[in-house]
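Trainee: Once you've had a glance at the structure underneath, I'll fire off some questions.
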Amino acid sequence: MITIDSSIDKNTIQQMPQVTYPGTITVVDTIQKAREAVKYLSALGLVGFDTETKPTFRKGIMNKTALLQLASQERAFLFRLNIIGLPDFLCGFLADRNIVKVGLSVKDDFSSLRRHCSLVPESFIELQEYVAEIGIGERGLQRLYALLFGKRISKSQQLSNWEADTLSDGQCQYAAIDAWACVEIYNYIKELRQSGNYQVIRKDAE
């Protein structure tokens with residue numbers, strides 16, 4: 001029987017080793033690279049999803065989505081939307097019912113992406129709802145990943161400039177992990193549900 005706490009405290013997370021993305025990261029900054037990436041991703045059937053936007057630090061001001069991340073365990077693609085926009089074929093990928101996309105707080109991402117194009121997303125799984133179905137109370141990606149895998153996702157790049165001329169190695173790692181971790185969590189919870197051999201123990205978050 002696998003036992004899982006329903007929540008985890010910040011101090012425990014800070015003591016955990018930091019996770020790194022295990023696959024290859026590709027920065028997609030041309031239409032040709034985007035076509036090649038979508039062709040690869042379309043053959044997978046399941047990918048992790050996330051977006052990044054340059055912070056404004058000014059109330060009422062919102063930038064367009066700068067980065068769209070799609071990832072599997074083997075490869076992560078970072079689409080620089082501030083450079084290439086959101087091409088029709090990439091928008092079509094997000095609307096493809098045959099490809100499952102897993103993300104966290106996806107409604108916020110959709111709202112931002114619609115500033116690029118008329119998007120009708122299909123086959124998206126909201127990770128917050130998926131983990132709640134088995135009694136896990138955490139909603140943040142860092143806490144969920146730490147709870148299930150015992151490793152810490154660094155958030156140090158979260159408020160960095162996602163419209164920079166060149167993304168740093170730290171930004172690329174952060175962006176890839178945020179998408180990849182979603183699909184890793186989904187797969188783990190799916191296996192637990194299929195086995196039925198688990199128990200979630202109620203624990204108040206700190």
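Trainee: Taking only C-alpha pairs under 8 Å that are 6+ residues apart, what is the relative contact order of region 1-138 in percent?
Mentor: Details: 196 pairs, mean separation 35.9, N = 138.
It rounds to 26 percent for region 1-138.
Trainee: Also: Dividing the Cα convex hull volume of region 60-125 by residue count, how many Å³ per residue is that? Each step should come with its number before you reach the end.
Mentor: Details: hull volume 6.4 nm³, N = 66.
In region 60-125, the Cα hull volume divided by residue count equals 97 Å³.
Trainee: Follow-up. Past 30 Å, Cα to Cα, is the threshold; run K33/K59; K107/K203; K54/K151; K33/K107; K39/K59 against it and keep the listed order.
Mentor: On the way: K33/K59 35 Å; K107/K203 28 Å; K54/K151 26 Å; K33/K107 27 Å; K39/K59 39 Å.
K33/K59; K39/K59, as the Cα separations exceed 30 Å there.
Trainee: Once the dipole of the chain is set up with Lys and Arg at +1 and Asp and Glu at -1 on Cβ about the Cα centre, which of V120, G23, I8 lies farthest towards its positive end?
Mentor: Result: V120.
Trainee: So what's region 139-200 giving for Rg/Rh, alpha carbon basis, Kirkwood Rh from the mean inverse pair distance? Before the final figure, lay out each step's value.
Mentor: On the way: Rg = 14.5 Å, Rh = 13.2 Å.
Rg/Rh for region 139-200 comes to 1.10.
Trainee: Given +1 on the Cβ of Lys and Arg, -1 on the Cβ of Asp and Glu, and no further charges, what dipole in debye does region 87-206 carry about its Cα centre, rounded to the nearest 20? Kindly include the intermediate steps, with their values, before the conclusion.
Mentor: On the way: 14 positive and 17 negative charges, 73 e Å.
So the dipole magnitude of region 87-206 works out to roughly 360 debye.
Trainee: For region 1-158, what is the Kirkwood hydrodynamic radius in Å, using each pair of distinct C-alpha atoms?
Mentor: Values: mean 1/r = 0.0588 Å⁻¹.
Its Kirkwood hydrodynamic radius stands at 17.0 Å.
Trainee: Let me ask something else about it. Can you give the Rg and Dmax of region 1-69 based on its C-alpha atoms, in angstrom?
Mentor: Using the Cα atoms of region 1-69, the pair Rg, Dmax is 18.1, 49 Å.
Trainee: Provide the packing ranking of 153-162, 102-111, i.e. peptides ordered by the mean count of other C-beta atoms within 10 Å per residue, highest first. All intermediate terms of the calculation are to be shown ahead of the outcome.
Mentor: Working: 153-162: 15.5, 102-111: 18.8.
So the order, starting with the most tightly packed, is 102-111, 153-162.
Trainee: If you take the charge dipole of region 30-114 about its Cα centre, with +1 on Lys and Arg Cβ and -1 on Asp and Glu Cβ, which of L70, F57, C91 is farthest toward its positive end?
Mentor: The listed residue farthest towards the positive side: F57.
Trainee: Then there is this: Can you give me the angle between helix 31-42 and the longest principal axis of the chain, using Cα atoms only, in degrees from 0 to 90, rounded to the nearest 10?
Mentor: 30 degrees
Trainee: Something else now. Using only the Cα atoms of region 69-174, build the gyration tensor, take square roots of its eigenvalues as a ≥ b ≥ c, and label the shape rounded, prolate or oblate: rounded if a/c is under 1.5, else prolate if a/b is larger than b/c, else oblate.
Mentor: Oblate is the answer for region 69-174, as a/c is 1.5 or above yet b/c matches or exceeds a/b.
Trainee: So what is the relative contact order of region 1-77, in percent, for Cα pairs below 8 Å that sit 6 or more residues apart?
Mentor: Numbers: 63 pairs, mean separation 24.7, N = 77.
Relative contact order here is 32 percent.
Trainee: Let me ask you something else. Considering every Cα-Cα pair within region 44-90, what fraction, in whole percent, is farther apart than 13 Å?
Mentor: On the way: 671 of 1081 pairs.
Across region 44-90, Cα pairs with separations above 13 Å total 62 percent.
Trainee: What's the magnitude of the charge dipole for the chain around its Cα centre, counting Lys and Arg as +1 and Asp and Glu as -1 at the beta-carbon? Answer in Debye, nearest 20. Before the final figure, lay out each step's value.
Mentor: Numbers: 24 positive and 24 negative charges, 59 e Å.
Here the size comes out at about 280 debye.
Trainee: Dipole magnitude of region 50-143 about its Cα centre, charges +1 at Lys/Arg Cβ and -1 at Asp/Glu Cβ only, in debye to the nearest 20? Spell out each step's value before the answer.
Mentor: Details: 13 positive and 12 negative charges, 113 e Å.
Computed charge dipole of region 50-143: roughly 540 debye.
Trainee: Antiparallel DSSP bridges in the chain: what percent, to the nearest 5?
Mentor: Among the beta bridges of the chain, antiparallel pairing accounts for roughly 40 percent.
Just so you know, all these numbers are worked out from the coordinates, no wet-lab data involved. On a predicted model such as this, the values are computed, not experimentally measured, just so you know. Cβ atoms come from the backbone with ideal geometry, glycine included; neighbour counts cover every protein chain shown.
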